[in-house]
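This report refers to the structure that appears directly beneath it.
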Amino acid sequence: MLDGRVAVVTGAGRGLGAAIAAELAAQGASVVIADLDEELAATTAEGLRAAGRAATPRVADVSDPERVTELFDAVIAEHGRLDVLVNNAGVGAIGPSEELDFAVWSRTLAVNLTGTFLCAQAAARHMLPAGRGVIVNIGSLFAATGMPLRAAYAASKHGVVGLTKVLATEWAGRGLRVVAVDPAYVRTTLDDTDQRDGGYTEADIARRTPMGRYAEPAEVARVVAFLASDAASFVTGSEVAVDGGWLAYGGW
């Protein structure tokens, strides 16, 4: 359980981030819904409060160092502590590598990788003096493998895993755990766009996944909540795949 803990979830206005925020809140955490979209953040926080959970919205651009610093300073000012950070904010990018626009490459790395670093750094500046904290970085199948048309996305997620290992080993002796969660394809509105751009269908994902279906957001959220809890107190620097057997399967 996470009673009394304060958690920040980035990209929490909808989809997987909203599911993670809901699970942390259900386990007793006071959750900060951080999202670039102010309306989405407010709506998600309002929904959690209506269900009797503790949640507050915050606008955050994870790719902007000043905005990131402001976010975490505001959290400390309001709550007096910070126990959990879930780096979930991310963008997709699908297209032929030889035609990949530099702006798309740059934006993908700025949000998915640099944003993860900036938020981890800002959070750690508050967590390390307290001698406690957990950072969960949301990776992907493409943090451990590759697929055509996904140069920027896979590069960013591979970077997230490398960053996770460095921060975990650097901060382990100071009370701070850092772990990565690698979900398989999750059924969200983001996937609707990826299906269109990537030329695949829900049936394709079901056929390729040994468990025969997409992940549900709640299934990933429950793993994140476990890793954020004291039940995972000796887990750091790890990648945890929530993928229905995708990475284990090497067949046709």
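The values are calculated or read from the model by the stated rules, or taken from the named source; none is laboratory data. Not measured: the values here are computed from a predicted model. Counting neighbours? That spans all protein chains shown, and the Cβs are built from the backbone with ideal geometry, glycine included.
Observations
- Residue among V136, V166, V161 that alone is over 18 Å from Y200 (Cβ atoms) and outside any helix (DSSP H, G or I): V136
- Of all residues in segment 212-228, those satisfying the criterion of being buried (at least 18 other Cβ atoms within 10 Å of the Cβ) and touching a residue at least 60 places away in the same chain (Cβ under 8 Å) are P217, V220, A221, V224, A225, L227, A228.
- Scanning segment 77-99 for residues that are free of Cβ contacts under 8 Å to residues at least 60 places away in the same chain, part of a helix (DSSP H, G or I) and not charged (D, E, K, R) turns up A77, S97.
- Residue identified as of a type outside the set (D, E, K, R), in contact with a helix residue (DSSP H, G or I) (Cβ under 8 Å, 6 or more places away or on another chain) and outside any strand (DSSP E or B) among A34, A19, A45: A19
- Looking only at segment 161-173, residues that are of a type in the set (A, V, I, L, M, F, W, C) and either under 22 Å from T209 (Cβ atoms) or surrounded by fewer than 18 Cβ atoms within 10 Å (Cβ to Cβ) (or both) come to 3 in all.
- The set of residues in segment 100-133 being farther than 24 Å from K165 by Cβ and outside any helix (DSSP H, G or I) consists of L100, D101.
- Residue count for segment 72-118 under the criterion of being crowded, with 17+ Cβ neighbours inside 10 Å and touching a strand residue (DSSP E or B) at 6+ places or on another chain (Cβ under 6 Å): the result is 11.
- Cβ-Cβ under 8 Å pairs, at least 6 apart or on other chains, segment 39-53 side in contact (Cβ under 8 Å) with a residue 24 or more places away in the chain, far side acidic (D, E) and not in a helix (DSSP H, G or I): A41/D35; T44/D35
- Which listed residue, of A130, A45, A54, is crowded, with 23+ Cβ neighbours inside 10 Å, of a type outside the set (V, I, T) and over 28 Å from A143 (Cβ atoms): A45
- Residue satisfying all of: in segment 174-211; at pLDDT below 95 and among the acidic types (D, E); surrounded by the fewest Cβ atoms within 10 Å (Cβ to Cβ) among these: D192
- Pairs where the first residue, in segment 107-127, is under 13 Å from A152 (Cβ atoms) and the second is of a type in the set (G, A, S) and modelled with pLDDT under 95, C-beta under 7 Å, 6+ apart: T108/A93
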